[in-house]
């Protein structure tokens with residue numbers, strides 16, 4: 001038994017506090033963060049191509065849903081790298097533009 005700051009601390013109490021501290025430390029050191037990124041999707045032939053502009057990560061799928069699911073998986077794998085630089089939220093602004101042109105060289109699909 002030790003006396004610390006006027007309190008008596010038994011070995012059993014000290015071990016209990018160490019166990020609580022270590023389990024809490026391990027819990028917080030493995031917490032997941034949730035990020036929100038943009039996804040741009042377009043069709044190329046029979047494939048839907050999905051792209052995350054913030055990370056420059058891309059994937060594809062036979063459906064829009066599959067392309068998004070595959071992009072999520074690719075981003076998760078990308079984020080596993082401990083040296084990855086996650087951009088500040090809102091650093092990408094996406095919008096649409098309208099352009100008039102007399103004749104397109106080839107049809108553009110949307």
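What follows draws every value from the coordinates through simple rules; no lab data is involved. It should be emphasised that the depicted structure is a prediction, and the values quoted were computed from it without experimental measurement. Glycine gets a Cβ as well: all are built from the backbone with ideal geometry, and neighbour counts include every protein chain shown.
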Listing 72, 46 by rising number of other beta-carbon atoms within 10 angstrom, fewest first, gives 46, 72
Footprinting proxy, 93, 15, 55: sorted fewest to most Cβ within 10 Å, the residues are 93, 15, 55
At R0 = 35 Å the Cβ-Cβ FRET efficiency linking residue 69 and residue 15, nearest 0.05, sits at 0.15
Using alpha-carbon coordinates alone, the radius of gyration and Dmax of the stretch 33-95 in Å work out to 12.0, 36
Extension length gain for residue 86 and residue 36 (0.36 nm per residue less Cα distance), in nm, is 16.9 nm
Put in order of increasing Cβ neighbours within 10 Å, starting from the fewest, 64, 88, 99, 75 give 99, 88, 64, 75
